[in-house]
Amino acid sequence: MGVSAQSARMIPGPDLILACPHCGALSRLFTLASSDAEGAISWTDGYQHFPLAPRQPNIVRCHACSQLHWLAECREVGMIDPVGMTPAEGVPRFASFEKAEQPEPGTPPPDGWVNAPQMQSLDESGYFAALNSGLAKTPEQEIELRVHAWWRGNDRFRKHEGTGRYPTSPQAVENLERIIVLTEGGDHEFVLFRAEALRQLGRFEAAEEALYGLCSDYALAREKATELIRAKSRDLEVLFA
């Protein structure tokens, strides 16, 4: 059987085995040996979707103790072949990061590694829970969590057309207001976040003023944003595809 075009562009790498920093429970995290940017879509809120290069989560909730934590806080235990990559009648290959001597080929991996669940990305409510729990220790971390909460809330609009594709819940509106404060005076990426947050709140004059800080490298993004602002549209739109 030949290799499909998609599998030739996106090839799984080994799963990392990571330990929760709170309780030590093990989880798997996918990696990619090869990926491709084909089919990428960029949205006006700054989110980019890569169908052949999925992103690892930045914040996760432990399946055992339910505590939220940054992915970077996990202890790296080892790696194992991903599910579906082991030949029939075979055993997954694995390697330990905590032992100098590695297992002989064909040695079965620990049951806890085989049965460890995949880490899951958070939804909008999960990011709000992370913010409420004080997981953001710096302004940069707060911006990261708030932008991700915004993206996850906007996901519901990405496959739909028509009007009303912007945040309306009190929590989501408050999140946009805080993003506007945190990104004031920031670099060009922050200028785009700030202008888009203002536009989605319907503050069109302030949104257009915010775009003045963009350099010529962002001319296409500024042109699209300005077009939407002057049309008094608050809706999430595709920026590039």
Review point. To the nearest 10 degrees, how steeply does helix 219-230 sit against the main Cα axis of the chain, on a 0 to 90 scale?
Key: 50 degrees
Review point. Which option, (i) 48, 38, 31; (ii) 66, 45, 31; (iii) 70, 32, 27, is the value of Cα extents along the principal axes in Å that was calculated from these coordinates?
Key: (ii)
Practice item. Find how many whole Å separate the alpha carbon centroid of segment 26-43 from the alpha carbon centroid of segment 127-168. Key: 20 Å
Check your understanding: Between residue 45 and residues 5 or more places away or on another chain, which pairs have amide H atoms under 5 Å apart, with H built 1.01 Å from N, and which residues are they?
Key -> 237
**Study point:** Distance between modelled label sites at residue 187 and residue 129, nm, 7 Å Cα→Cβ extension
**Key:** 3.2 nm
Exercise for review: On a 0 to 90° scale, report how tilted helix 188-200 is relative to the longest principal axis of the chain, with both axes built from alpha carbons and the result rounded to the nearest 10.
Suggested key: 60 degrees
Practice item. Once you have a ≥ b ≥ c as the square roots of the Cα gyration tensor eigenvalues for segment 7-114, tell me rounded if a/c is under 1.5, and otherwise prolate or oblate according to whether a/b is larger than b/c. Key: oblate
Revision key, fill the gap. Computed over the chain: longest principal axis from alpha-carbon atoms vs helix 139-154 long axis, angle to nearest 10 degrees, is 90 degrees
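No value in this document is a laboratory result; all are computed from the given coordinates. Predicted model, so just to flag it, every value in this text is computed and none were measured. Glycine also receives a Cβ, built like all others from the backbone with ideal geometry; neighbour counts cover every protein chain displayed.
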